[in-house]
Amino acid sequence: MLATIFAMTAPNTATAEEPAAAKKTPASEISATSTQEPSDAQTPAESTAEQKTLKIPLTEVIGTAANALDHVPGSGKVVTSESIEQNHRLTINEALREVPGVHVRDEDGLGIRPNIGIRGLDPTRSRKVHIMEDGVPIMLMPYGDPSSYYFPPIFRFDRIEVLKGSGQLLYGPQTIGGVMNFITRMPSTTPEGHFQVWGGNLNYLNTHFDYGGTWGKSGYLIDYTHSQMDTPRFTNIRAKIDDLTFKTVQELSDRTQITGKFNYYRENSGIGYQGLTQAEWATRGEERQTSFINDNFDFMRLGYHVAVNHMFTANLTSTTNLFGHYISRDWSRQSTLDAVSFGSNALPAATVAAEPANTRYTNEREYWVWGIEPRFHYIHSLLGIKAEADFGARYMFEQSDRKQLRNLVSGIGSPSSCAGVIGGTPSNNSCVGENNKRTTNAYAFFAQERLFLGPFTLTPGFRVEHISYDQDNRLASVNNGTGAYAKTTFTKVLPGAGITYSPLKDHTLFFGAHRGMSPPQVSDAISLTTNQPADLGPELSWTYELGARGNLTPWAGYAITGFQMDFDNQIISQSVAGGTGATLTSAGRTQHRGAEVALRIDALDAVTDRNDQEDVTLDFNYTWVAQADFKETRNSSLSASALLSGEATTLSVSGNRLPYSPEHLITAGIGYANRGFSFGPFNARIETQCISDQFADDRNTVIPTPSGQRGLIRGWCMLNASINQHVKKIHTTFFFTGKNMLDHDVIMDRSRGIYPGLPALWQAGAKWTF
């Protein structure tokens, strides 16, 4: 039903269902932001021949049930498979912009390193969002370094769940902005495969293959994606990605099921960090070029996830997740001439050209992460009141080995002269810029009770996080050759509660409040050069939501949410506070306040009798971040090189707007579908995605500095469209899509210089089902 768009229940398990044949559904039953997917109709004989659907262990944060949001005090949305596939979302950035409250800042144009913010929070490296795949965290180190240097390709997702409000206390450790759960495809009931290929300008080529099915009580699925293209940011830089996933489902008994998933991901690209100066942006021409052509990013991830579902009784079930990954990331980059320090992309404010120096460095990283998390769902009665409880615990281990190798002679060759000093204690510190090991041991316990009191539902809950960090700096230059080792531990209790009230059928009012936390990174919690913990502790907030949702008529649905977030000590990137690097700093007390609106209308049903062959749908998603400000005494202090002539070294920024927090976000579209064509269903959609002005620094600088790293980022709108025609006779869908069709040339980011936005992209392809 339409309400599923904004659903927010949190069942612990789900049963995979076979996709229904394309058919007319009322607006109140459509859970997509686009029209239904074209597919071949199923005959009665085929239907009766169907075998029993497997029960699949799956941790969801929203779910797909028709009544998913009825008793949940908060906001959320599901980006459905129809929206992802029929709109041919090129990147996760594009898909998430249809979710109210979500701001995604482009970095590479490919969505492989997205910067996701929610309700005005700093989007840098998506550190304020808890990101999961099939219910388990997938970032580098979810506690100690949750940076989004890795992101799965959108082409293997079935749907995306975005949850905000007190319900996110069941997940973590990041609980201040929201939780995103990317659900991958499951084995189909009957064996089926797909092969899709499409291409376009910028030498874009993408192939996707999947095949799977169910045989007896076993299901299997293999999924492979290969994509390559010239990067939208700079067309003389190339990127290539391979992603391979194998999944199996085994129904051991009516009470016990197990799912195993194994993934290999590899990125090889020339993407670096250095952006353009203001002069380079003004003279860039049609071909976007960079002088940093010898950068190389080599990233490999091996991941696994085993989920076991067991039904103890009809009222008590559990899902236990065992998960982990190994990551190897080698990023070799040319140094920047005139940078404020070696390895930095920060330029003096007056710099007019960013040029590569005759030196380079390689940041070698390895990550080992694993965890185990049992979750329970218990249906019971409390003092005669019908109730449901969700509770569980989790242990996670994280470790990273970080090295920086330097070549002080050439900007092209590898830093081979440093290779011999890494095995033991480094001795040649002109070659080794970093050599440390970071470890996390984290324990969490969470519980939420839902009490049903007629039209009211009360939902109290809490989360406890106990986190232990330690860091071993093995550089010989520290503490007279002894290095530096330190550790720190902290424990936080995070309460929350909410209430829903349904005075009328198809209408729900809700309110929620919860304590949010985002732990500091290891590097910010422990000093690299002393044996003492650093001052930067966990980020804490109180979040409040008040809203209403429902169906005004069978063909019109709505969701309206007001929100406020009060931070004790919001952490922001130091780079957006003056371009001085990638470290983080406390912004002190901040406040975010605003509203979100989502509307969807089935226009044909509004003016005609029901038509089972056609749909015209309109959707509108709007976010107003009215306030995202520094609230207490706060000064911005910049080094001399970051200042222009006449600028003060220290300046009060109290009351200023937080960087990268646009006030207005809009995604709106209209879709048309026709299932009456004899040769196969047709659908098309056109949409616009808009973002208002935003500041790039805490001083709210408007006139850009010559370096391009401070200054106003003007708002923009992009027009996208997609067309799909399914041909039943050959089981193939042909499609055409356009991104930024008016070719608006915009600035997306100034953190490390100017990053251009996505240029006009035109793509065409076909998907064959067999």
Longest to shortest principal axis, alpha-carbon extents of segment 104-244, angstrom: 48, 42, 23
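Please state the charge dipole magnitude for the chain, taken about the Cα centre, from unit charges on C-beta atoms (+1 on K and R, -1 on D and E), reported in debye and rounded to the nearest 20.
So the dipole magnitude of the chain works out to roughly 900 debye.
For segment 157-218, report the convex hull volume of the alpha-carbon atoms normalised per residue, in Å³, without decimals.
On the way: hull volume 9.3 nm³, N = 62.
Expressed per residue, the convex hull around the Cα atoms of segment 157-218 is 150 Å³.
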Cα-Cα longer than 19 Å, checked against K128/K240; K55/K247; K261/K767; K217/K261; K437/K492, kept in input order, equals K128/K240; K261/K767; K437/K492
In percent, what relative contact order does segment 178-220 have, based on Cα pairs under 8 Å that are 6 or more apart in sequence? 39
When the charge dipole of the chain is computed with +1 at the Cβ of Lys and Arg and -1 at the Cβ of Asp and Glu, the Cα pointing farthest to the positive end, of N551, P142, T500, is that of P142
What list of ³J(HN,Hα) couplings, whole Hz, do you get for segment 69-82 from phi and the Karplus terms 6.51, -1.76, 1.60, once you set θ to phi - 60° and write x for glycine and proline? 9, 4, 10, 10, x, x, 10, x, 7, 10, 8, 7, 4, 4
Could you tell me the center-to-center distance, by alpha carbons, between segment 242-264 and segment 500-568 in angstrom? 32
Give the separation of the Cα centroids, segment 610-634 to segment 729-770, in Å. 22
Only helices counted: for the chain, with every DSSP H run of 4 or more residues adding -39500 (n - 2.57) and the sum spread over all residues, [θ] at 222 nm is -500 deg cm²/dmol
Along each of its three principal axes, how wide is the spread of alpha-carbon positions in the chain, in whole angstrom units, largest first? 76, 61, 49
Can you compute log10 of I(q)/I(0) for segment 188-306 with the Debye formula, treating each Cα as one identical point scatterer, at q = 0.09 Å⁻¹? -0.42
Determine the order of V522, V607 by accessible area, beginning with the largest, at a probe radius of 1.4 Å. V607, V522
Find, to one decimal place in angstroms, the Kirkwood hydrodynamic radius of segment 247-319, where the mean of 1/r is taken over every pair of different Cα atoms and then inverted. 17.2
Note on segment 622-747: contact order normalised by length, alpha-carbon pairs under 8 Å, 6 or more apart, percent, works out to 20
Pop out the ³J(HN,Hα) list for segment 683-697 in order, Karplus 6.51 cos²θ - 1.76 cosθ + 1.60 with θ = phi - 60°, rounded to Hz; leave Gly and Pro as x. 8, 8, 8, 10, 8, 10, 10, 10, 9, 7, 4, 8, 8, 9, 8
Cα-based Rg of segment 209-259 normalised by 2.2 N^0.38 Å, two decimals: 1.83
Name the shape class, rounded, prolate or oblate, that the alpha-carbon gyration tensor gives for segment 87-187, where a ≥ b ≥ c are the square roots of its eigenvalues, rounded holds for a/c under 1.5, and otherwise prolate holds if a/b is larger than b/c and oblate otherwise. rounded
Amide H to amide H under 5 Å from D158: which residues, 5+ apart in sequence or cross-chain, H placed 1.01 Å off N in plane? I183, T184, R185
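The values are calculated or read from the model by the stated rules, or taken from the named source; none is laboratory data. Model, not experiment: these values are computed from the prediction. Cβ: placed from backbone, ideal geometry, glycine included. Neighbour counts: every protein chain shown. These area figures cover heavy atoms from the full protein model, side chains too; ligands, DNA and RNA do not enter into them. Shrake-Rupley method; radii C 1.70, N 1.55, O 1.52, S 1.80 Å.
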